[in-house]
Amino acid sequence: MIRSSVLRPLCRLTVSKPWGKFRIPQTVSSPCLKATYATKVTPKLTAEAYPSVKRDSKYKQLSSEDITFFESILSQQELLQANDQDALEFYNEDWMRKYRGQSRLVLRPKTVQKVSQILKYCNDNHIAVVPQGGNTGLVGGSVPIFDEVILSLNYLNQVRDFDPVSGILKCDAGLILENADQYLAEHGYIFPLDLGAKGSCHVGGVVATNAGGLRLLRYGSLHGSVLGLEVVLPNGDIVSSMHALRKDNTGYDLKQLFIGSEGTIGVITGVSILTPPRPKAFNVSFLALENFQAVQNVFVKAKKDLAEILSAFEFMDSYSQDLTKKHVENLNHPFEEEHPFYVLIETSGSNKEHDDAKLEAFLESVIEDGLVVDGVVAQDETELQNLWQWRELIPESAQAGGGVYKYDISLPLKDLYSLVEAANQRLEQVGILGDAPKPVIRAIGYGHVGDGNLHLNVAVREYSKQVEEALEPFVYEFVSSKQGSISAEHGLGFQKKNYIGYTKTGPEIKLIKDLKNHYDPNGILNPYKYI
């Protein structure tokens, strides 16, 4: 749900009719949704919104000689320059329209060798570069702050090789995640990561940010599934471990440095990843609960009773569903009555009869124990996708009122929802939460219970310093007090650069800076961000 090209049309909806203790969803026709930007208001230049951040004079401003060089190695299609009719907004702005850079040049090389030539030239001439994939990031990491050259991986988008015996996929970094998964589906495999932005985000981008996604509970993180990378260093050197095997204990595991590095020490151009067999049977249930303790209890029971077939466990509060209902007009929620919390459980396995029996026994148990007060179960693929929409449409719905401040954090499960309550209390105390003209609509919470990842979204009518100052560093101080992480899966980017100390220690930060200075001594890659 990050960009208009990501959205699957919601042309059918889920309503419910009685069926024992649970209900079978029934589908009816409904108007299709239209995707929107996070806000219709053109964002301020990041340089204007954050005047304390100054352009570093060590970076060269582009000259005609630089343009001539890039034209000598790139085709007309591979080079875009800003002009009076096109300020390159698509590349300069993030999807939330919170950050806006001033780049006048986008380079879209079609080969790894051209990426190498570009970086070597920029490094030799001290030209700052922002690597960009699908530009679906949420912390301002994929757009320029000033006039950095944008290096887009859009045209590096091919599958290089697939081994149907081992399940190892080798592909270009610019391959769209959904396209990779569709390719794998034809061979009976599945990409080990899924997220709402899959129709726009790139495989290289999710690796560079170490994205977590909806099914980390089942398949683990990219630190485990990525076997090798091809990376172009700032000096133009191409380093490749694309032929790595599952077991390779010779020296340092260098690829791990680049997973989650956000394009600050090298540009990922190729990915080798282990993919699991595609499940043959999927089930989705959507449950209503009365408190967050019940959410935790149902999760514990799901891990025990569903075990190997449990692939997703997502929670949502009532406020997130309220915003989604308002945004998705003319569509009915799975439940007529409102409840404080909701849980979406997905199972996936190889034997539908076996999986159905396990899920049915689990659902009967949680409702008999009083943990769940209502629920629906999808009966076919359409209904399954419709139930997922009530989770996947939350990010878009949260920003529909004008904008959204997103905080992606990890906390111990017992403390997971307490941050949402604390944030709303904080915003009320400051006097900025409520009906218009107050800027804040509401703080909502949802996320991945399976890995302790909360998405705190503060829905606002407009972006303002008043709101930002009320939330930062308040949110990070709260997370630090609970020994959590200020970035569970979105990365640091521009938004969280100055707050890394709330999660990492001094010695850890020094090591990160040392690595940055070693691999990128001129600091040309993604400046003003990360560290």
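How much accessible area per residue does the chain have, in Å², with a 1.4 Å probe? Before the final figure, lay out the partial values.
On the way: 21960 Å² over 531 residues.
Counting only protein heavy atoms, the per-residue value for the chain is 41 Å².
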* Pair ASP86, ILE531: separation of 7 Å Cα→Cβ label points (nm) -> 3.6 nm
* Hey, what number do you get for the chain at 222 nm if only DSSP H runs of n ≥ 4 count, each worth -39500 (n - 2.57), divided across all residues, to the nearest 500? -> -8500 deg cm²/dmol
* Structure fact -> Under the 7 Å Cα-to-Cβ spin-label approximation, LYS120 and ASP305 lie apart by a distance in nanometres of 6.2 nm
* Asked: HN-Hα J couplings of segment 62-73 from phi, Karplus 6.51/-1.76/1.60, θ = phi - 60°, integer Hz, Gly and Pro as x?
  -> 4, 10, 5, 5, 5, 4, 4, 5, 4, 5, 6, 10
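Calculate, for ASP253 and VAL159, the FRET efficiency according to 1/(1 + (r/R0)^6) with r their C-beta to C-beta distance and R0 25 Å; round to the nearest 0.05.
Details: r = 25 Å, r/R0 = 0.98.
Computed FRET efficiency for ASP253 and VAL159: 0.55.
Within the set LYS414/LYS510; LYS255/LYS504; LYS198/LYS255; LYS44/LYS529; LYS120/LYS406; LYS247/LYS504, which residue pairs have Cα atoms separated by over 25 Å? Mind dumping the intermediate values first?
On the way: LYS414/LYS510 32 Å; LYS255/LYS504 21 Å; LYS198/LYS255 23 Å; LYS44/LYS529 18 Å; LYS120/LYS406 35 Å; LYS247/LYS504 30 Å.
Where the Cα-Cα span goes over 25 Å, the pairs concerned are LYS414/LYS510; LYS120/LYS406; LYS247/LYS504.
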* **Largest-first principal axis extents, alpha carbons of segment 279-394, Å** => 38, 30, 18
* To do: May I have the count of lysine pairs in segment 279-394 with C-alpha atoms under 28 Å apart, counting pairs 8 or more residues apart or located on different chains?
  => 11
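With the full set of protein chains in place, find how many percent of the accessible area of the chain is carbon and sulfur; take the probe as 1.4 Å.
Numbers: 10820 of 21960 Å².
C and S fraction of accessible area: 49 percent.
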* What is the distance in Å between the Cα centres of segment 87-135 and segment 248-284? -> 23 Å
* Asked: For helix 352-368, what angle does its Cα long axis make with the longest principal axis of the chain, in degrees from 0 to 90 and rounded to 10?
  -> 70 degrees
* Structure fact -> Projecting the Cα atoms of LEU257, ASN457, LEU416 onto the charge dipole of the chain, where Lys and Arg contribute +1 and Asp and Glu -1 at Cβ, the residue farthest towards the positive end is LEU257
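Provide the net charge surrounding LEU216, with neighbours chosen by a C-beta distance below 15 Å and charges set as Lys +1, Arg +1, Asp -1, Glu -1. List each step's numbers first, then the result.
Details: positive: LYS198, ARG215, ARG218, LYS303, ARG391; negative: ASP194, GLU314, GLU346, ASP408, ASP451, GLU489.
Cβ neighbours under 15 Å give a net charge of -1.
Could you calculate, for segment 108-172, the ratio of the Cα radius of gyration to the Kirkwood radius, expressed as Rg to Rh?
Details: Rg = 14.8 Å, Rh = 13.7 Å.
My calculation of the ratio gives 1.08.
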* Structure fact -> For SER75 and ARG246, extending 7 Å from Cα along the Cα-Cβ vector and measuring point to point gives, in nm, a value of 4.0 nm
* Asked: At q = 0.06, 0.09, 0.11, 0.13 Å⁻¹, what is the log10 ratio I(q)/I(0) for the chain, with the Debye formula run over Cα points and no solvent?
  -> -0.29, -0.66, -0.99, -1.37
* Could you give the alpha-carbon Rg of segment 159-274 over 2.2 N^0.38 Å, rounded to two decimals? -> 0.99
* Structure fact -> Rounded to the nearest 10 degrees, the helix 112-124 long axis (Cα) sits at an angle to the longest Cα principal axis of the chain of 60 degrees
* To do: Return the tail of the calculated pair distribution for segment 401-490, meaning the percent of Cα-Cα pairs more than 24 Å apart.
  => 16 percent
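When the dipole is taken about the Cα centre of the chain, and only Lys, Arg (+1) and Asp, Glu (-1) are charged at their Cβ, what size is it in debye, to the nearest 20? Please report the intermediate quantities before stating the final value.
On the way: 54 positive and 65 negative charges, 170 e Å.
In total the dipole reaches around 820 debye.
Rounding to the nearest 20 debye, state how big the charge dipole of segment 279-394 is about its Cα centre with +1 on each Lys and Arg Cβ and -1 on each Asp and Glu Cβ. Don't skip to the end; give the middle numbers.
Working: 9 positive and 23 negative charges, 82 e Å.
Dipole magnitude for segment 279-394 comes out near 400 debye.
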* Applying 1/(1 + (r/R0)^6) with R0 = 60 Å to the Cβ-Cβ distance of HIS187 and LYS438, what FRET efficiency is obtained, to the nearest 0.05? -> 0.70
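The values are calculated or read from the model by the stated rules, or taken from the named source; none is laboratory data. Quick caveat, the model's predicted, so the values are computed rather than measured. Note that each Cβ is placed from the backbone with ideal geometry, even for glycine, and that neighbours are counted across all protein chains shown. We work out accessible area using only protein heavy atoms, side chains counted, and drop any ligands, DNA or RNA first. Shrake-Rupley method; radii C 1.70, N 1.55, O 1.52, S 1.80 Å.
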